[in-house]
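In what follows, a single structure is set out as structure tokens and then discussed.
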Amino acid sequence: MLITFNWLANALVYNGLSFYSANLNVNSFLGFFISSAVEIPSYFVGWYAMDKWGRRWILFATMTTGGIAGICCMFVPLGKTKCWHISFIRLRRMCTYMSNVIVRVVNILFYLLMQ
């Protein structure tokens, strides 16, 4: 039940951040490209970290770091410090994608164990 809730939360946040990438006051195509380019290294970092330290603590760390980055976005003024706002959003998307990779692996393992 908990893994299902984690998967649902990751999917909703991931889709929300995907839709928000067009509202960053940069070119829509550039914003989407940068937002999507974050996913490639996060995939490999997620697999490496999960292999080295296990699934539970990496899932906790990525979801906590992503949540803190999302909260920090609210407190950054949108005036001259637009790059900080974009950096926190990219960090949030990277952590969300990493946790999404981990949740998928955990779901597959649970499915295989239940058969």
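For semi-axes √(5λ) of the Cα gyration tensor in Å, the value computed from the atomic coordinates appears in the list (1) 28, 13, 13; (2) 25, 15, 12; (3) 90, 12, 7 under label (1). Taking label positions 7 Å along the Cα-Cβ direction at both Arg104 and Ile68, the computed distance is 2.7 nm, reported to one decimal.
Bear in mind that the values in this text are calculations on the coordinates, not laboratory data. On a predicted model such as this, the values are computed, not experimentally measured, just so you know. Note that each Cβ is placed from the backbone with ideal geometry, even for glycine, and that neighbours are counted across all protein chains shown.
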